Amino acid sequence: MSMSDKEQVQMVKGWWQEYGYYLLFTVVIFLAINFGWRYWHRHHNFTLEYSSAIYMQMLTTADQKKDEESKLFGESLIKDYPRSPYASFAALLLAKDAVEKGDLNTAFERLQFAMKKAPSKNIRQLARIRAARVLIAMKKSREALDLLNSVDDKDYAAETSEAFGDALLELGNTKEAELAYRKAQKLSEGKIPPSPLLKIKLQQF
């Protein structure tokens, strides 16, 4: 081996002694991140598929008028897969069912869950508007106004303004309620479908 070759070997050894640890550390970190990402991706897909299947079972049993069974599927989604979008869909359906049965407290709890956990802003805003309407029905219109002051999705501005009007009207603030309804009417122009009750509400002024 020539002197130049020995010098190159020594250079490589020296480099390895100085930087080899950092190279190995970088490789290990890269492999760990790559493995973690792939594991999370598989787990996320599995969770999404499984929660989707449970939600379909909920819809099927609801269509078959098996209310208690459908409720159990919905509660399972909320408990076991709270971050899945299907858990929020289930919460909206359970809230609707609770309202129809006159259980406003349970309806509000379900809608609160959707407001906090729904991954999409439009579902959060829809839940917020429905929760405000539940509060109005519970004679808690001031709380409803406070709730509506937070906006998750401005695409629901017309519906939010209409709900504002409902709360104000229940509080006896007719002039402010009319202004809120007029604003909702203007914001809903061109929307399909328009609010079916808004025109009726405006006729009383």
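A short reminder: the numbers here are calculations on the coordinates, not readings from a lab. Keep in mind that this is a model prediction, so the values were computed, not measured. Counting neighbours? That spans all protein chains shown, and the Cβs are built from the backbone with ideal geometry, glycine included.
Using the Cα centre of the stretch 141-205 as the reference point, and only Cβ charges (+1 on K/R, -1 on D/E), how large is the resulting charge dipole? Debye, rounded to the nearest 20. Walk me through the numbers on the way to the answer.
Values: 9 positive and 12 negative charges, 75 e Å.
In debye, rounded to 20, the stretch 141-205 gives about 360.
Starting from the Cα of LYS117, draw a straight line to each of the lysines and keep only those under 30 Å, dropping any in the same chain fewer than 8 residues away.
Output for LYS117: LYS65, LYS66, LYS71, LYS79, LYS96, LYS101, LYS139, LYS140, LYS154, LYS183, LYS191.
Going by average Cβ neighbours within 10 Å, how do the peptides 53-64, 87-98 rank, with the highest at the top?
Highest to lowest by the protection proxy: 87-98, 53-64.
In whole angstrom, how far apart do the alpha carbon centroids of the stretch 83-108 and the stretch 152-205 sit?
Taking the Cα centre of each part, the stretch 83-108 and the stretch 152-205 sit 24 Å apart.
Charges on Cβ only, +1 for Lys and Arg, -1 for Asp and Glu, centred on the Cα centroid of the stretch 141-205; of TYR181, ALA163, SER141, which one is farthest towards the dipole's positive end?
TYR181
Convex hull over the alpha-carbon atoms of the stretch 108-205: what's its volume per residue in Å³?
For the stretch 108-205, the hull spanned by Cα atoms encloses 91 Å³ per residue.
In sequence order, what are the phi-derived ³J(HN,Hα) couplings for the stretch 136-150 according to the Karplus relation 6.51 cos²θ - 1.76 cosθ + 1.60 with θ = phi - 60°, rounded to whole Hz, with x for glycine and proline?
Each residue's phi maps through the Karplus curve to give 4, 5, 8, 6, 10, 5, 5, 5, 5, 4, 4, 5, 6, 5, 8 Hz.
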